[in-house]
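The values are calculated or read from the model by the stated rules, or taken from the named source; none is laboratory data. Worth saying up front: this structure is predicted, and the values here are computed from it rather than measured. Every residue, glycine among them, receives a Cβ derived from its backbone with ideal geometry; neighbour counts consider all protein chains shown. Protein only, heavy atoms only, side chains kept; ligands, DNA and RNA dropped before computing areas. Shrake-Rupley method; radii C 1.70, N 1.55, O 1.52, S 1.80 Å.
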Amino acid sequence: MVSSGQVPAEGATAAHTANAQWGGRFAGGPSAIMQDINASINFDKALWRQDIAGSLAHAAMLAHVGILSADELAAIRAGLAGIGAEIEAGRFTFSEELEDIHMNIEARLSERIGEAGKRLHTARSRNDQVATDFRLWVRDAIDGIDAQARALMHALATRALAHADTVMPGFTHLQTAQPVTFGHHLMAYVEMLARDRGRLADARRRLNECPLGSAALAGTSFPIDRRMTADALGFDRPTANSLDAVSDRDFALEYLAALTILGMHLSRLAEEIVIWCSAPFGFIRLSDAFTSGSSIMPQKRNPDAAELVRAKVGRVAGSLVGLLTVMKGLPLAYAKDSQEDKEPVFDATDATALSLAAMDGMIRDLTPDAGRMRALAGSGFSTATDLADWLVRVLRVPFRTAHHVTGRIVSRAEARGVDIADLTLEEMQAEEPGITADVFSVLTVDASIASRTSEGGTAPVNVRAQATAWLARLEKDMTA
């Protein structure tokens with residue numbers, strides 16, 4: 001026999017050890033291999049705060065309906081408070097023999113307060129207990145990730161407002177397309193992050209139902225008050241079906257899906273930072289705080305923080321696919337496969353939180369090279385569309401015809417090795433006789449961006465208005 005809290009020796013079999021946890025049904029204990037694969041305490045101890053909160057709510061409800069006495073409730077409350085203090089202080093001994101956080105806390109509670117601790121599990125199961133704890137943890141994680149995403153939006157909008165007039169080339173296919181502003185480019189990521197926060201908020205709303213009281217799978221015969229525990233834990237309502245409640249992990253999957261899309265957006269921005277830092281572009285510079293050097297090339301300044309953010313989405317997406325694969329073939333109700341739900345969620349949360357922190361730091365740290373961006377904004381015939389628009393607007397030429405005329409003018413400029421604005425009026429009139437000297441007024445990058453005043457366009461007046469509006473919303477959100 002081994003005492004409670006000990007791990008059986010390597011190779012031990014059920015015939016050689018007693019099972020302190022399951023007692024009457026199992027005369028022997030698990031093999032060492034079974035214990036290793038079965039135990040989750042090494043990772044689900046992260047749920048200890050949620051587990052204690054759930055137990056406090058459950059105990060209060062049991063006392064309310066007369067299942068626990070007032071003295072038992074007081075003892076349970078004091079015992080759980082003491083256990084929380086032990087865990088906070090690092091004095092709590094987690095036992096693999098007790099498998100998970102729920103049994104570790106329950107066993108320690110019984111050690112501290114005796115029989116009252118053994119009554120706490122009345123009218124609940126580890127199945128509804130873990131489902132409740134995990135929903136609480138994911139809800140807290142969503143709140144934390146949302147706050148970080150909001151802070152990054154604020155950093156982006158702040159930089160966008162400061163650079164509402166800073167001209168840069170806009171790209172399609174990573175080829176120069178039309179001039180835009182650096183502020184407009186940054187505001188695109190504000191919009192992406194706003195949608196990410198919306199997805200997180202939707203996921204939080206859907207998960208906010210309380211499984212506690214569903215017991216193992218069929219509910220309980222005890223006269224419990226599930227709405228009381230749901231209210232105490234901040235849930236909107238109890239779950240409606242006990243089978244679904246203990247086996248559902250949609251909330252974790254939806255959370256991971258939202259994190260994956262968020263991570264993809266961060267990865268896109270990180271890729272742009274990597275490109276912008278490269279010598280051929282030279283649009284921005286990151287300080288020593290977010291770059292590293294080379295072990296052999298002393299001149300190198302590598303944007304490693306951006307590269308790592310770019311990579312993190314692989315871990316997050318992997319977590320989503322992994323959990324989808326775990327859940328895809330599980331019949332109702334609970335199966336031990338579901339124990340594989342927590343590690344991917346924990347890992348994806350850590351990766352996302354670190355990525356958000358790094359990106360927030362880089363956005364605040366980067367220094368744009370406005371001169372370099374302006375010089376390249378006019379390259380690649382970036383005002384060709386402005387010429388076509390002028391032909392439509394002034395000469396009333398059909399756009400498709402204007403497109404062809406502009407294409408021929410671009411070919412002339414390309415053949416001469418100059419920009420469109422460097423052609424003579426006569427050269428342009430050779431392709432369209434109606435062109436006048438007024439055309440040159442639209443062929444500068446400043447005129448191009450100033451003209452893009454349509455809603456959502458890159459005109460500086462638009463960018464300033466959008467950045468100002470977002471900053472006001474975000475600051476209101478922060479103080480709400």
Filter result for VAL274 (more than 23 Å from ALA216 (Cα to Cα) and assigned to a helix (DSSP H, G or I)): yes
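Conditions tested, residue by residue: (1) open to solvent by 30 Å² or more (accessible area, probe 1.4 Å); (2) polar (S, T, N, Q); (3) not in a helix (DSSP H, G or I).
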| residue | (1), (2), (3) |
| --- | --- |
| LEU68 | no, no, yes |
| ARG77 | yes, no, no |
| LEU80 | no, no, no |
| GLU86 | no, no, no |
| PHE94 | yes, no, yes |
| ILE105 | no, no, no |
| ALA116 | no, no, no |
| ALA123 | no, no, yes |
ASP248 being open to solvent by less than 60 Å² (accessible area, probe 1.4 Å), in contact with a Leu (Cβ under 6 Å, 6 or more places away or on another chain) and charged (D, E, K, R): no
Helices (runs of 4 or more DSSP H) fully within segment 283-399 counting 2 or more residues that are under 27 Å from LEU259 (Cβ atoms) and either among the hydrophobic types (A, V, I, L, M, F, W, C) or touching a residue at least 12 places away in the same chain (Cβ under 8 Å) (or both): 304-327, 342-365
